[in-house]
Amino acid sequence: MGKHAFSDLRSAAYCPRQCYYRRQDDDRGPPPEVEQRRELAFRYDELLDGADLADAPIAVTPTQLRTNLSCAKARFDAFDELSDPTGRDVLLTGKDCRGIAHKILELDTPVPSLVSAGSPPENGVWQPQTVHAVAAAKALAYERETPVERAFVEYPTYGVIREVALTTRRKAAYRTAIRTLESIDGPPPRLDDRSKCESCEYREECGVKTRSLRSLLGLG
């Protein structure tokens, strides 16, 4: 069995059926707008210093963005390294997986950081991103031959940074995602939770039918 891509692990944790269709897709690169949002994660110092945000792809007001970044700066000793990382877009190859870490922070021990173009949950990080963070940390630990027990996930359009400790529960979720990937040899069953289908780019290939707003309101 070959090494699993970080993106496949993340997708398997979100929806195995989506993962199946994504693996059949030859063009899986992020769209330009995603890259533009991620680029904000390399401008934290500039943003805090009052950079013009009129045309920036932010999801909150400039004041809220700077407030969030100020809170992150006060909370994390790693903020300077997050702002100006030693490594950027680094390919990591671990025992079971491989992929790109958007940042490698050279702290007391090396730490990977992943940059999300989306929104953060109220607390912590989304489950698929947890699996991705564990995968990156494990791959980095494998390469460096040193324990890596945490990672960061950044949501730069909100100015939010979250630390992810590699707890037993999170490592178990990573192992579950690996088992899921290794069991996929055809389209897996559809999820009972169809809320994930609304924004899925493979909805048509999947053939899932989602309810319209009219039907949800009892109008259709």
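The values are calculated or read from the model by the stated rules, or taken from the named source; none is laboratory data. Here the structure is a predicted model, which means the values were calculated and not measured. With ideal geometry, Cβ positions are generated from the backbone for all residues, glycine too; neighbour counts draw on all protein chains shown. Heavy atoms of the whole protein, side chains included, go into the accessibility calculation; ligands, DNA and RNA do not. Shrake-Rupley method; radii C 1.70, N 1.55, O 1.52, S 1.80 Å.
Things worth noting here:
- Residue check for ARG179: farther than 20 Å from SER116 by Cβ and over 21 Å from the mean Cα position of the chain (by Cα): no
- Condition met for ALA54 (among the hydrophobic types (A, V, I, L, M, F, W, C) and within 19 Å of the chain's Cα centre (by Cα)): no
- Hey, TYR20 closer than 29 Å to LYS171 by Cα and in contact with a Gly (Cβ under 8 Å, 6 or more places away or on another chain) or not: yes
- Complete set of residues in the stretch 28-38 that are open to solvent by 70 Å² or more (accessible area, probe 1.4 Å) and not in a helix (DSSP H, G or I): ARG28
- Test: residue in the stretch 151-168 that is under 22 Å from CYS19 (Cβ atoms), open to solvent by 10 Å² or more (accessible area, probe 1.4 Å) and assigned to a helix (DSSP H, G or I): no
- Contact annotation: residue pairs with Cβ atoms under 6 Å, 6 or more positions apart or on different chains, pairing a residue in the stretch 189-209 that is at pLDDT below 70 with a partner that is hydroxyl-bearing (Ser, Thr, Tyr), are ARG194/THR210.
- Qualifying position, being surrounded by 15 or more Cβ atoms within 10 Å (Cβ to Cβ) and at pLDDT 95 or above, among ALA41, ALA74, ALA56: ALA41
- Yes/no for LEU69 being within 30 Å of THR176 (Cβ to Cβ) and not in a loop (DSSP other than H, G, I, E, B): no
- Residues of the stretch 100-115 classified as open to solvent by less than 10 Å² (accessible area, probe 1.4 Å) and not aliphatic (A, V, I, L, M), total: 3
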